[in-house]
Amino acid sequence: MPWFARFWDSDVAYSFRSSPVAIVAAIVAVMLVVAASFANWVAPHNPLDLATISLLDASMPPFWADGGALRFPLGTDVQGRDVLSAVIYGMRISLVIGLASVVVSMAVGVGIGLLSGYIGGRLDAFLMRIADVQLSFPAILIALLVDGVARAALPRETHDVVAFPVLVAAIALAGWPQYARTVRGSTLVEKGKEYVQAARVIGVSPLSIMVRHVLPNVLGPVLVLATVHIATAIITEATLSFLGVGVPPTTPSLGTLIRIGAEFLFSGEWWITIFPGVSLVMLVLSVNLLGDWLRDALNPKLR
């Protein structure tokens with residue numbers, strides 16, 4: 001495969017091979033993502049199948065503690081669900097919501113940033129003032145506001161049905177200003193270069209210039225920002241679910257598992273909340289480390 005050989009010899013691949021932190025973070029992230037993606041085959045039990053759950057297995061500790069069983073390696077919760085299986089399924093839900101919200105946020109932010117930076121003038125000032133106002137509020141507060149407005153506007157019986165799209169929209173609307181400001185700054189630099197001026201001279205439309213010429217040259221910082229934003233989106237989803245305004249309580253996302261386990265933490269059943277919390281930390285930390293490496297690898301000043 002010639003393309004793989006060219007990539008393996010590139011500066012980015014060399015930077016990755018020479019960074020032990022990036023290699024370990026990539027291994028951990030890949031393992032967690034693969035386990036979550038194939039949860040139906042990887043998880044020893046199905047926490048969503050009520051027929052396989054027994055209250056007789058409730059509150060069992062991990063297998064190495066007294067009263068534990070090897071068929072429940074990390075113990076069970078108060079309903080008898082296997083904690084390991086619930087963590088794997090919950091990680092899949094957190095990843096799907098995080099990735100979907102980042103894609104939506106990136107699409108909105110990149111579009112607004114291109115328009116703002118290329119057209120300029122009053123439109124630029126108007127859009128950037130909106131971004132400045134939103135950046136003055138914490139992302140979790142924006143997400144809570146959007147989620148609360150959606151719950152108040154929609155009928156109560158539809159809350160569980162629309163919980164996922166509402167959560168994705170809430171997290172996405174909280175993150176678009178960062179993409180918009182990043183793309184706007186890069187667009188201001190690119191639109192003054194010779195290739196953009198040449199495209200204008202030969203009569204290329206502004207939309208075509210933005211999409212075909214400017215956009216490919218401003219995607220580098222966007223990809224780095226998206227990598228870091230995935231971790232932020234996952235934490236935001238976990239925070240909203242922990243507060244009880246995220247996914248439905250019957251859905252085992254990492255935030256929901258931590259919230260449920262926190263109610264029994266001081267009664268000695270520490271494993272119900274500790275293992276979901278550790279999984280969340282490992283996932284977010286590995287993604288953040290990969291984002292830091294990618295930022296340094298794509299920065300020519302650090303080569």
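The values are calculated or read from the model by the stated rules, or taken from the named source; none is laboratory data. All figures in this text were calculated on a predicted structure; none of them were measured in a lab. Please note: Cβ atoms are built from the backbone with ideal geometry, for glycine as well, and neighbour counts cover all protein chains shown. SASA here: full protein model, heavy atoms, side chains in, ligands and nucleic acids out. Shrake-Rupley method; radii C 1.70, N 1.55, O 1.52, S 1.80 Å.
Results, tabulated for the structure shown:
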item	result
Filtered residue count, region 112-130, keeping only those that are open to solvent by less than 30 Å² (accessible area, probe 1.4 Å) and either assigned to a helix (DSSP H, G or I) or at pLDDT 90 or above (or both)	8
Pairs with Cβ under 7 Å, 6+ apart, first in region 112-134 and of a type in the set (S, T, N, Q), second part of a helix (DSSP H, G or I)	116/123; 116/124; 116/127; 116/128; 116/180; 116/184; 134/142; 134/177
Helices (runs of 4 or more DSSP H) wholly inside region 192-270 containing at least 1 residues that are in contact (Cβ under 8 Å) with a residue 40 or more places away in the chain	215-242, 254-262
Members of region 75-86 that are at negative phi, out of contact with any Phe, Trp or Tyr (no Cβ under 6 Å at 6 or more places or on another chain) and not charged (D, E, K, R)	76, 78, 79, 84, 85, 86
Test: residue 46 is over 20 Å from residue 281 (Cβ atoms), among the polar types (S, T, N, Q), assigned to a loop (DSSP other than H, G, I, E, B) and modelled with pLDDT under 90	yes
Which listed residue is surrounded by 14 or more Cβ atoms within 10 Å (Cβ to Cβ), touching a His at 6+ places or on another chain (Cβ under 7 Å) and among the β-branched types (Val, Ile, Thr), from 166, 196, 183, 162	196
Residues within region 16-66 that are of a type outside the set (A, V, I, L, M, F, W, C) and in contact (Cβ under 8 Å) with a residue 12 or more places away in the chain, tallied	11
Lone unmet requirement of (1) open to solvent by 40 Å² or more (accessible area, probe 1.4 Å); (2) within 26 Å of residue 65 (Cα to Cα) for residue 216	(2)
Among the candidates 274, 202, residue that is open to solvent by 40 Å² or more (accessible area, probe 1.4 Å), over 30 Å from residue 191 (Cβ atoms) and either among the β-branched types (Val, Ile, Thr) or at pLDDT 85 or above (or both)	274
Some residue of region 51-61 being among the acidic types (Asp, Glu), modelled with pLDDT under 85 and either assigned to a loop (DSSP other than H, G, I, E, B) or open to solvent by 70 Å² or more (accessible area, probe 1.4 Å) (or both)	no
Criterion violated by residue 27 - all others in (1) touching a helix residue (DSSP H, G or I) at 6+ places or on another chain (Cβ under 8 Å); (2) modelled with pLDDT of 85 or more; (3) assigned to a helix (DSSP H, G or I) satisfied	(1)
Contacts under 8 angstrom Cβ, first residue in region 282-303 being under 14 Å from residue 31 (Cα atoms), partner modelled with pLDDT of 80 or more and not in a helix (DSSP H, G or I), 6 or more apart	none
Some residue of region 84-105 being more than 28 Å from the chain's Cα centre (by Cα) and open to solvent by 20 Å² or more (accessible area, probe 1.4 Å)	no
Selection status of residue 131, small (Gly, Ala, Ser), closer than 18 Å to residue 118 by Cβ and in contact with a helix residue (DSSP H, G or I) (Cβ under 9 Å, 6 or more places away or on another chain)	yes
